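Novice: Shown below is the structure under consideration.
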Amino acid sequence: MPLLRTEGIVLQAWDLGEYDRLVTLYTREHGRLAVVARGARRLRSRFAGALELFTWGDAVGFEREGRPLVQLDHFDIRQPFRRLRDDLECLGQGARMIEAVSRLTAERDAQPLCFALLLRGLRALDAGAAPARVQLAFALRLLDLLGHRPRLDRCGRCDRPVSTQGVAFDAAEGSMVCGYCRAAGPFLAPAVAAALRGLQTASWEARLGARLAPAVEQEAATVLDDYLTALIGAPLRAPRFLARTRAPHPKG
């Protein structure tokens with residue numbers, strides 16, 4: 001059984017049988033990786049507290065020929081990112097980042113820059129950066145790294161340069177559409193189009209520090225969510241979870 005050592009971040013974990021857990025890690029050297037942690041649910045398990053969502057650590061396991069799952073021997077925590085699980089906004093925005101990575105990357109397809117980006121995003125959330133802004137900056141950079149950069153400066157149909165006025169965004173095409181080519185659907189608010197274009201060309205630090213009205217930031221995130229949904233071919237789950245956490249509770 002070949003030994004596998006890798007640095008990884010916990011993307012998902014499920015109970016498996018009575019005592020085990022099935023875990024998806026996003027690793028620096030192997031990309032998305034499915035592992036099984038035998039005995040992880042026992043009271044005195046060596047994995048106690050280590051396989052929680054967002055946790056970054058060093059994994060050691062064994063690969064068996066003909067079996068897709070890696071048998072995890074131990075997972076040594078580097079940083080648990082516990083704060084992200086205790087704050088609903090951080091949890092929701094972190095979950096959006098995790099879901100984008102999980103659903104846009106293939107199993108065992110190493111993408112070291114994507115791993116570094118995810119770690120950078122989690123660290124920014126943990127350091128107290130505005131969660132919605134971190135997620136927006138993360139989504140734009142992830143799309144770049146995976147070859148899905150949205151086209152925001154030209155019409156995707158006629159190739160004319162576009163301004164921030166009188167344009168729409170076509171999620172299926174991943175591009176702006178000018179007023180001449182637009183067949184249906186609403187125009188983007190100029191402030192949203194300007195925010196997306198400005199953030200796309202800015203550095204990570206500038207993206208986190210840019211001044212945006214909350215409504216503009218939320219609409220820009222919705223535009224990217226629609227694009228991610230088109231790329232994945234299925235609705236995203238994390239934005240719906242986040243919307244439920246923000247919904248006002250009925251007064252008793």
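The values are calculated or read from the model by the stated rules, or taken from the named source; none is laboratory data. Computed from a prediction, not measured in an experiment: that's the story for all the values here. Here the Cβ positions follow ideal geometry from the backbone for every residue, glycine too, while neighbour counts run over all protein chains shown. For accessibility, only protein heavy atoms count, side chains too; no ligands or nucleic acids. Shrake-Rupley method; radii C 1.70, N 1.55, O 1.52, S 1.80 Å.
Novice: In the P(r) worked out for segment 1-70, what percent of Cα pairs fall beyond 18 Å?
Specialist: 33 percent
Novice: What ³J(HN,Hα) values, in whole Hz, does the Karplus curve 6.51 cos²θ - 1.76 cosθ + 1.60 give for segment 239-246 when θ = phi - 60°, with x put for Gly and Pro?
Specialist: Going residue by residue, I get x, 5, 4, 5, 4, 5, 5, 8 Hz, with x marking Gly and Pro.
Novice: While we're here: Compute the helix-to-body angle for 88-104: its Cα long axis versus the longest principal axis of the chain, expressed 0 to 90° and rounded to tens.
Specialist: Approximately 90 degrees, to the nearest 10.
Novice: Around LEU16, which amide H atoms from residues at least 5 apart in sequence, or from another chain, sit under 5 Å from its own amide H, with H modelled in the peptide plane?
Specialist: ARG21, LEU22
Novice: Which of rounded, prolate or oblate describes segment 136-201 when judged by the alpha-carbon gyration tensor and an a/c cut-off of 1.5?
Specialist: prolate
Novice: Could I ask something else about it? For a protection proxy built on the mean count of beta-carbon atoms within 10 angstrom, sort 118-126, 199-207 highest first, please.
Specialist: 118-126, 199-207
Novice: Just reorder PHE75, PHE241 by solvent-accessible area, largest first, 1.4 Å probe, all chains present.
Specialist: My answer, sorted largest first, is PHE241, PHE75.
Novice: Another question, if that's okay. What shape does segment 93-199 have by the C-alpha gyration tensor, where a ≥ b ≥ c are the square roots of the eigenvalues, rounded means a/c under 1.5, and otherwise prolate means a/b greater than b/c and oblate the rest?
Specialist: Prolate.
Novice: Here is a follow-up. Once Rh is set to the Kirkwood radius over Cα pairs, what Stokes-Einstein translational diffusion coefficient, in µm²/s, holds for the chain at a temperature of 37 °C and a viscosity of 0.692 mPa s?
Specialist: Approximately 168 µm²/s, per Stokes-Einstein.
Novice: On the protein heavy atoms, probe 1.4 angstrom, tell me the percent of accessible surface of the chain carried by carbon and sulfur.
Specialist: 51 percent
Novice: Can you give me the long-range amide H partners of GLU7? Hydrogens built in the peptide plane at 1.01 Å from N, cutoff under 5 Å, separation of 5 or more residues or another chain.
Specialist: Under 5 Å from the amide H of GLU7 lie the amide H atoms of ARG28, GLU29, ALA59, each far enough along the sequence or on another chain.
Novice: What are the residues whose amide H is under 5 Å from the amide H of ARG157, where those residues sit 5 or more places off or on another chain and H is modelled from the backbone?
Specialist: Under 5 Å from the amide H of ARG157: CYS178.
Novice: Can you give the Kirkwood hydrodynamic radius for segment 143-252, in Å, rounded to one decimal and based on Cα pairs?
Specialist: This gives a value of 15.2 Å.
Novice: To the nearest 10 degrees, how steeply does helix 190-201 sit against the main Cα axis of the chain, on a 0 to 90 scale?
Specialist: 50 degrees
Novice: Sticking with the crude label model, points 7 Å out along Cα→Cβ, report the distance from LEU53 to ASP15 in nm, one decimal please.
Specialist: For LEU53 paired with ASP15, the spin-label model returns 1.7 nm.
Novice: For segment 8-135, what does the alpha-carbon gyration tensor say about shape, rounded, prolate or oblate, given a ≥ b ≥ c as the root eigenvalues, a/c under 1.5 as rounded, and a/b over b/c as prolate?
Specialist: oblate
Novice: Measure nothing fancy, just the Cα-based angle from helix 214-232's long axis to the longest principal axis of the chain, in degrees from 0 to 90, nearest 10.
Specialist: It works out to around 70 degrees.
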